[in-house]
1. Looking for whichever is of a type outside the set (S, T, Y), under 32 Å from the mean Cα position of the chain (by Cα) and on the phi < 0 side of the Ramachandran plot here; the options are D55, D34, D23. Which one fits?
2. Mind checking which pairs have a first residue in the stretch 93-113 that is on the phi > 0 side of the Ramachandran plot and surrounded by 10 or more Cβ atoms within 10 Å (Cβ to Cβ) and a second that is charged (D, E, K, R) and not in a helix (DSSP H, G or I), Cβ under 8 Å, 6 or more apart or different chains?
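Each reported figure results from applying straightforward, stated rules to the coordinates on display, with no laboratory input. Since the model is a prediction, treat every value here as computed from it, not as a measurement. Note: ideal-geometry Cβ built from the backbone for every residue, glycine included; neighbour counts use all protein chains shown.
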Amino acid sequence: MDQQQGADVVRNAAANVENTVSDLAAKTEKIAQDKLDQSKPVLREVREFAGTAMDQASELARKASSAGAQAVDAIQGAARDVGNQASQSAAAVYQQGVRAGGSVSRYTAEQPLTALLIAGVIGYGLAYLIHRD
């Protein structure tokens, strides 16, 4: 009978251990599930915040790209305008040079002695300026 009682005590102890382990496992599962349920809204908020941040960063990049393109277009337009003005000014100076050359040629043909005298005076003036101390 002692063996029977010992076996019953062992069975009862095993059943108590099994019940205790089952209770602990159930409590642990409940606590883990509660913590998981509590973290879901936080995770959802983090996802939404990350999505919003990515959208804002994308929009800023788009705006910066657009501003850069506009700046390049403005610079190209200004450079084109300056180039056109320089070309027009050069053409005007060239035309004035051609007219002045024509006037000098005509004057020289009409007044050769006076033209020679003026050329001599200009040459003497330049020589004086160069060799003056």
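1. One residue alone meets the criteria, D55.
2. Here the result reads none, with nothing in the stretch 93-113 linked to a residue that is charged (D, E, K, R) and not in a helix (DSSP H, G or I).
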